[in-house]
Amino acid sequence: MNYDRPELLDRLAAEYVFGSMTPLARRRFHRLRRQLPAAEAAARDWERRLMPLSTVVPAEPPPSRLWDAIDQRTGGARTKSPSRGWRAWLQPALGLAFGVLATIGFVQLYPEALVPIDSIVQSRGTLPQSYVGLLTDAQNNPVLLLSSTRHGRTLAIKRLRPLDVPAGRIAVLWALPRDGRPFVVGALPSGEHATMPLADESEKLFFTVPRLAVSFESVQPGPDGAPGDFVLSGHCVKLW
Amino acid sequence: MADAAVLQGLLSRVALGDRAAFRTLYDATAASLFGVAIRIVNRRDRAEDVLQDAFVNVWHRAGTYSAAASQPMTWLTAIVRNRALDVLRADTLRVTESLNDEETGETDEPSDDRPDPLGLFEQAADALSIRDCLDQIRGPQRQCLALAYYHGLSHSEVAAQIASPIGSVKVWIRRGLDRLKRCLDRLQ
């Protein structure tokens, strides 16, 4: 398709925003919105244009449990539990710093979890320059330790706790960049120790990514898919 | 509905991680957005999932919102509609797969108690004072547009619903959108 034609982009954007596209066409257009500013602009124009049609849809108050679920998924409920002693005080206060320290602490405990790029470096006991992520669940239990050397193209995965993936679902790893939408890193392989190929060098993928997360999906999302619930999340830390 | 400037302020606070602002934004907009979700997915439990996913998305992406690019409710509504349409399409694929597997037993398709989408479309036309303009969209085109927009039906689903060839539906929707664009652009 020749996306240089404005009238084609306009038509695609209209059908996408209107809702009449098939799932495959929707995914293609999601991808196009990311890649082509003209497609994004066309979609925004149609969203603006069609917004008045939604104003006549009757409002419906959602149940109160809905906010509780949103609050918990966005990290709010964690800060409210009084019985966790020092953690309840520390987490809201130190947040990011704690996450980084925890990540570094775990790496020192489990250096063998990192991808061994160089046996000489390994024998010296020094860690290669690496991106490292420690992902925790909603109860703050560390579940996954992820690492990749700075210019490597392989992600090492160590499971610190079992991850119960529901039947018919796969665990998908997402990168949450500082600016822009979450993007898929890949489907997590099973096993206590595993590796996963990366689409590009770690440096190129993770340089502007402060956080990583995992969701359960029915199929691996396309390049511009949107994540479902995040069941695990954590900081992406540069270790050098 | 909350004033656009207020919502813009709340979104900019949410982008900085302000949870109180996030709660306020939710309180101000959830009812409108839940209504939109229910109209598309036709099941309250699904609509709750959609709204939950949408607001989690808002929390993570508030930093990407630009007041210059769109009004706050337009941005929020688009997030909800997109999630609802993705869920609807995934549900359609699951139903298709289960039919292909020749599972016996009842399907769990709910009865459709939603207000007639054509009625909503005409209500919108009146509310926006573009009834004269939209009346020039012929009956079948209007019905296709309403089913697609308010119920999120794809071309093939609209064709099945109104018992018309899919080719005709695609043409009606395309022409209908052209006419709709002209009518709505006159409002801007």
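Neighbours of A:ASP10, meaning other residues whose beta-carbon lies under 15 angstrom from its beta-carbon, give a summed charge of +3 when Lys and Arg score +1 and Asp and Glu score -1. Shown is the FRET efficiency for A:LEU36 and A:SER64, computed with R0 = 45 Å from the Cβ-Cβ distance and rounded to the nearest 0.05: 0.60. With the charge dipole of region B:4-100 set up from +1 on Lys and Arg Cβ and -1 on Asp and Glu Cβ about the Cα centre, the Cα lying farthest toward the positive end among the listed residues B:LEU51, B:VAL41, B:ALA28 is that of B:ALA28. How high is the relative contact order of region A:6-54, in percent, counting Cα pairs under 8 Å that sit 6 or more residues apart? In percent, rounded to a whole number, it is 46. In this Cβ point-charge picture (+1 for Lys and Arg, -1 for Asp and Glu), chain B has a dipole of about 1040 debye about its Cα centre. Annotation: extensible slack from B:SER66 through B:SER129 equals 19.8 nm (criterion: 0.36 nm per residue apart, minus Cα-Cα distance). Assuming R0 = 22 Å, can you tell me the calculated FRET efficiency for the pair A:GLN220 and A:GLN139, based on Cβ-Cβ distance, to the nearest 0.05? That pair, A:GLN220 with A:GLN139, gives E of 0.25.
For chain B, the relative contact order is 20 percent, taking Cα pairs closer than 8 Å that sit 6 or more residues apart in sequence and dividing their mean separation by the residue count.
Taken over the Cα atoms of region A:134-202, the convex hull encloses 112 Å³ per residue. Relative contact order of region B:117-185, taken over Cα pairs closer than 8 Å and 6 or more residues apart, is 37 percent. Annotation for A:ARG5 and B:ARG182: the two label points, set 7 Å from Cα along the Cα-Cβ direction, are 2.1 nm apart. Taking chain B, the Cys residues with no second Cys beta-carbon under 4.7 angstrom are B:CYS144. Taking only the C-alpha atoms of region B:4-100, the Rg (one decimal) and the largest Cα-Cα distance, Dmax (whole number), read 14.7, 50 Å.
We did not get these values from a lab; they are worked out from the coordinates using the rules stated. These numbers were taken from a predicted model, which means no experiment stands behind them. Every residue, glycine as well, gets a Cβ built from its backbone with ideal geometry; the counts of neighbours run over all protein chains shown.
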